[in-house]
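Report on the following structure.
The values are calculated or read from the model by the stated rules, or taken from the named source; none is laboratory data. This structure is a prediction, so every number in the text was calculated from the model and none was measured. All Cβ positions, even for glycine, are placed from backbone atoms using ideal geometry, and neighbour counts span all protein chains on display.
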Amino acid sequence: KIKYLSGCRAERDGGFTRSRRVGQTPVYSTFPTDSTEIRMPLKKAEQILVLILSFLLLVSQPGAAEQEARLENIIITNTRDGLLIYMNVEGAFTEKMKNAVLSGVPITFSFFFQLHQVRNIWIDKKIAALKIIQTLKYDSLKKEYIILRSWGEDKFLTADSIEEAEKLMTNIQGLTICDIQKLKKGQQYQVRAKAELSKKTLPFYLHYVLFSMSLWDFETDWYTIDFIY
């Protein structure tokens, strides 16, 4: 059985805060430092300019502000075979993301999990490290949403609405972190969990425009739970 030592904590800068978000990583742009002139075909330059102006207009609209993504309802439990985690992500989907999915842009979420044995004298021992992904795309012919998962028995799921698809994308239910035989009775352990939007989701030419403006980028804190098995 699992005995919790503390509630879920969000880790920041080597310490812990409760339900506080880590600040966004600064985005740096590199510009030429000499007087070399950069040339590109006029038609291509016009297309890029129109694209940038379109997204700038989108940002200026109400509700375009970035929202905070966070992990909630994290539960660590076990069966006779494995250590399991349940959780969900809140604040991950924006209206722009939903509209983009309808337009044919796939969305991929990555989830990271770590399990350590806590040791007072020695460095904590890593027991397991796991990454899973879930991808959402819209089939305009069948009018349904498709969710592809890298884990679980059902790796191919479908949904009739964006609300149902969002729930399937942001909920992790009964993911096995490790075999229970790797844990020792009476020992203290720590589970860390994190979620982020995969930066490979968008077409290459949209990466710099969207992510440098933080329109789509989200990354939660590392959430930590300590327990004794």
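For segment 77-133, filtering for residues that are among the small types (Gly, Ala, Ser), within 17 Å of Leu148 (Cα to Cα) and within 11 Å of the chain's Cα centre (by Cα) leaves 1.
Applying a threshold of 8 Å to beta carbon distances and a minimum spacing of six or more residues, or different chains, the list of pairs starting in segment 145-158 at a residue that is in contact (Cβ under 8 Å) with a residue 12 or more places away in the chain and ending at one that is part of a loop (DSSP other than H, G, I, E, B) reads Tyr145/Asp160; Tyr145/Ser161; Leu148/Lys155; Arg149/Lys155. Considering each residue of segment 92-106 in turn, none proves to be touching a strand residue (DSSP E or B) at 6+ places or on another chain (Cβ under 7 Å), touching a residue at least 12 places away in the same chain (Cβ under 8 Å) and in a strand (DSSP E or B). For segment 150-174, the set of residues classified as in a strand (DSSP E or B), in contact with a Phe, Trp or Tyr (Cβ under 6 Å, 6 or more places away or on another chain) and of a type in the set (A, V, I, L, M) consists of Ala159 only. The single condition among (1) loosely packed, with under 15 Cβ neighbours inside 10 Å; (2) not in a strand (DSSP E or B) that Lys126 does not satisfy is (2). Restricting attention to segment 69-91, which residues are in a loop (DSSP other than H, G, I, E, B) and surrounded by fewer than 13 Cβ atoms within 10 Å (Cβ to Cβ)? Correct list: Thr79, Arg80, Asp81. Test Ala159 against the stated conditions and say whether it is of a type in the set (A, V, I, L, M) and modelled with pLDDT under 95. It is false that Ala159 is of a type in the set (A, V, I, L, M) and modelled with pLDDT under 95.
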